[in-house]
Amino acid sequence: MTARYRVGIIACGNIAQLHLRSYRAVPGIEVVAGADVSPQTRERWQTELGIPRMYATAEEMLEREQLDIVSICTWPPLRPEMTELACARGVRAVVAEKPMAVDLAGCDRMIAAAERAGTVLIVHHQRRFRSRFVKAKELIDSGAIGRVEQINVYNGGDILTSSSHMVDTMSYLLGDPPAEWVIGQIDRRDPGFTNRPIGLQQWEETHTRYGHHVETGALGLIQFEGGARGLVECGIVSRPRPGYSATIYGTDGMIETSGDRPEPGEPWLRARIKGEPDWIYPDAPPNEATQAAFERLLEVLEHGGTHPLDMRMARRIHEILMAIYESSRRRARIDLPLTVTESPLEAMIAAGDV
Ligand SMILES: NC(=O)c1ccc[n+]([C@@H]2O[C@H](COP(=O)([O-])OP(=O)(O)OC[C@H]3O[C@@H](n4cnc5c(N)ncnc54)[C@H](O)[C@@H]3O)[C@@H](O)[C@H]2O)c1
């Protein structure tokens, strides 16, 4: 059977393998090509993973292949340029990894390129499709914990790499109300990185992660329209909670989710809800969130509509992340919309302010 959708993947590193696996699980999609600067990676993808054609540059792949969907799994600084290249080739959809870019100027370049070409651009905040958060949202929407007053999210990483996911998750759980203001602070001590989280190949030479600067710890408090607040805790100021977990406080109850890798016996989700004398443990077995996001992408391509991971939603999330940095830079509450489009963190570092 001929695939209805021909996919090419730009940058075939760690996360690209999840894209590949997930595309292969969706009927009608075939990954026909990949592009990576590393000859070893090209060799492995062709021989071990069975990708028909591998290219040394994204340009060559886009020129030679008639692609319908392109995944962009580069580090963030390259994302705007790669998105512009793919959109200019008229692909129907681009799946960009997160964080969307390094700064809002980058996000805006990507959105402009997609709008010019009529390309559907989504950003891979796949936790919106994770069963524990989907179940938590169902509970919230059913009124089981009353009105949500606060959501706390935790991760041991940094604002761009990890909190991008969790601010997106928080927004999803609340039904995506606009954010009104943000107040935040960062810590920039040398992390030492004894356990070497991924993305640190250039740490010794550049002190960057995934090609951009990071902080060692950050807190961000977000006021959403409608009254709910979100608290982001990350890096060295996060409570010792499982990475990518959340606590949701309502007027009549609360929900706790596990992180991505619960301890044996730890539930994915537990809740105190109205009318129940003790914790309840709703079923939320792990699922293939990226595959679910890709299946939804095909629905959007075939029937129209807006994907939950749409570029404009991702820009709103990125604006909140940048506002945490801007709050730290200005030592002030930042009322949105944010007017600066550079990364306040990169600007502070360039100016020697942190
Ligand atoms: N959504 C998620 O859950 C998730 C998880 C991990 C990483 N990520 C994100 O994915 C992105 C990539 O992370 P990773 O861990 O896969 O990185 P990685 O370092 O494993 O892979 C990057 C790849 O890009 C290739 N590359 C570099 N320059 C290139 C170019 N000009 N053209 C083509 N290929 C090029 C490298 O050779 C490498 O294979 C990061 O932004 C990261 O934050 C997302």
Here the residues within the stretch 111-123 that are out of contact with any Leu (no Cβ under 6 Å at 6 or more places or on another chain) and buried (at least 24 other Cβ atoms within 10 Å of the Cβ) are Leu121
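Would it be correct to say that Val182 is within 13 Å of the ligand (Cβ to nearest atom), assigned to a strand (DSSP E or B) and crowded, with 24+ Cβ neighbours inside 10 Å? Explain how you work it out, then say what you get.
On the way: within 13 Å of the ligand (Cβ to nearest atom): no; assigned to a strand (DSSP E or B): yes; crowded, with 24+ Cβ neighbours inside 10 Å: yes.
So Val182 fails the test.
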Name every residue in the stretch 21-48 that is more than 21 Å from Glu302 (Cα to Cα), more than 9 Å from the ligand (Cβ to nearest atom), out of contact with any Lys or Arg (no Cβ under 8 Å at 6 or more places or on another chain) and not in a helix (DSSP H, G or I), in order of residue number. Glu48
What number of residues within the stretch 230-244 satisfy the criterion of being out of contact with any helix residue (DSSP H, G or I) (no Cβ under 9 Å at 6 or more places or on another chain) and farther than 19 Å from Ile186 by Cβ? 3
Report yes if some residue within the stretch 140-153 is among the polar types (S, T, N, Q) and in contact with a His (Cβ under 9 Å, 6 or more places away or on another chain); otherwise report no. no
Name the residues in the stretch 103-131 that are under 18 Å from Ser163 (Cα atoms), hydrophobic (A, V, I, L, M, F, W, C), more than 10 Å from the ligand (Cβ to nearest atom) and outside any helix (DSSP H, G or I), would you? Ile122
Please find, within the stretch 49-85, the residue that is surrounded by the most Cβ atoms within 10 Å (Cβ to Cβ) out of those that are away from the ligand (no atom under 13 Å from the Cβ) and more than 23 Å from Ser22 (Cα to Cα). Glu84
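I'd like the residue in the stretch 276-289 that is in a loop (DSSP other than H, G, I, E, B) and of a type in the set (A, V, I, L, M, F, W, C) and, out of all such residues, is nearest to the ligand (Cβ to nearest atom).
As a first pass, look at the stretch 276-289 and keep what is in a loop (DSSP other than H, G, I, E, B): 276-279, 281-288.
When the remaining residues are screened for being of a type in the set (A, V, I, L, M, F, W, C), the result is 279, 284.
Details: Trp279: 29, Ala284: 18 Å.
Among them, the one singled out is Ala284.
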In contact (Cβ under 8 Å) with a residue 12 or more places away in the chain, closer than 26 Å to Val102 by Cβ and either within 13 Å of the ligand (Cβ to nearest atom) or assigned to a loop (DSSP other than H, G, I, E, B) (or both): does that describe Leu18? yes
Output the number of the condition that Glu204 fails; it satisfies all remaining conditions of (1) within 16 Å of the ligand (Cβ to nearest atom); (2) assigned to a loop (DSSP other than H, G, I, E, B); (3) without any contact (Cβ under 8 Å) to a residue 60 or more places away in the chain; (4) of a type outside the set (Lys, Arg). (2)
Take the residues of the stretch 263-289 that are out of contact with any strand residue (DSSP E or B) (no Cβ under 9 Å at 6 or more places or on another chain) and over 18 Å from Lys137 (Cα atoms): which is surrounded by the most Cβ atoms within 10 Å (Cβ to Cβ)? Glu266
Might you check whether a residue that is of a type in the set (Ser, Thr, Tyr) and in contact (Cβ under 8 Å) with a residue 12 or more places away in the chain occurs anywhere in the stretch 294-309? no
When the stretch 86-102 is checked residue by residue, the ones that are more than 10 Å from the ligand (Cβ to nearest atom) and not aliphatic (A, V, I, L, M) are Cys87, Arg89, Gly90, Arg92
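Output the residue which, of all residues in the stretch 1-14 that are in contact with a strand residue (DSSP E or B) (Cβ under 9 Å, 6 or more places away or on another chain) and more than 15 Å from Arg92 (Cα to Cα), is nearest to the ligand (Cβ to nearest atom). Give the derivation first.
Here is the first cut: in the stretch 1-14, the residues in contact with a strand residue (DSSP E or B) (Cβ under 9 Å, 6 or more places away or on another chain) are 2-12.
When the remaining residues are screened for being more than 15 Å from Arg92 (Cα to Cα), the result is 2, 10-12.
Details: Thr2: 27, Ile10: 6, Ala11: 3, Cys12: 5 Å.
Top of the filtered list is Ala11.
Considering each of Ala292, Ala246 in turn, give the residue that is in a strand (DSSP E or B) and surrounded by 13 or more Cβ atoms within 10 Å (Cβ to Cβ).
Values: Ala292 fails: in a strand (DSSP E or B).
Being in a strand (DSSP E or B) and surrounded by 13 or more Cβ atoms within 10 Å (Cβ to Cβ) holds for just one of Ala292, Ala246, which is Ala246.
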Taking Ile159 as the residue in question, decide whether it is within 20 Å of the chain's Cα centre (by Cα), surrounded by fewer than 16 Cβ atoms within 10 Å (Cβ to Cβ), in contact (Cβ under 8 Å) with a residue 24 or more places away in the chain and within 16 Å of Lys98 (Cβ to Cβ). no
Which count do you get for residues in the stretch 132-145 that are away from the ligand (no atom under 16 Å from the Cβ) and either in contact with a helix residue (DSSP H, G or I) (Cβ under 7 Å, 6 or more places away or on another chain) or within 22 Å of Ala93 (Cβ to Cβ) (or both)? 4
Residues of the stretch 327-354 being in contact (Cβ under 8 Å) with a residue 40 or more places away in the chain and not in a loop (DSSP other than H, G, I, E, B), which ones? Ser327, Ser328, Ile334, Asp335, Leu345, Glu346, Ile349
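Quick note: the coordinates plus some simple rules give every number you see, no bench work behind them. These figures come from a predicted structure and were not determined experimentally. With ideal geometry, Cβ positions are generated from the backbone for all residues, glycine too; neighbour counts draw on all protein chains shown.
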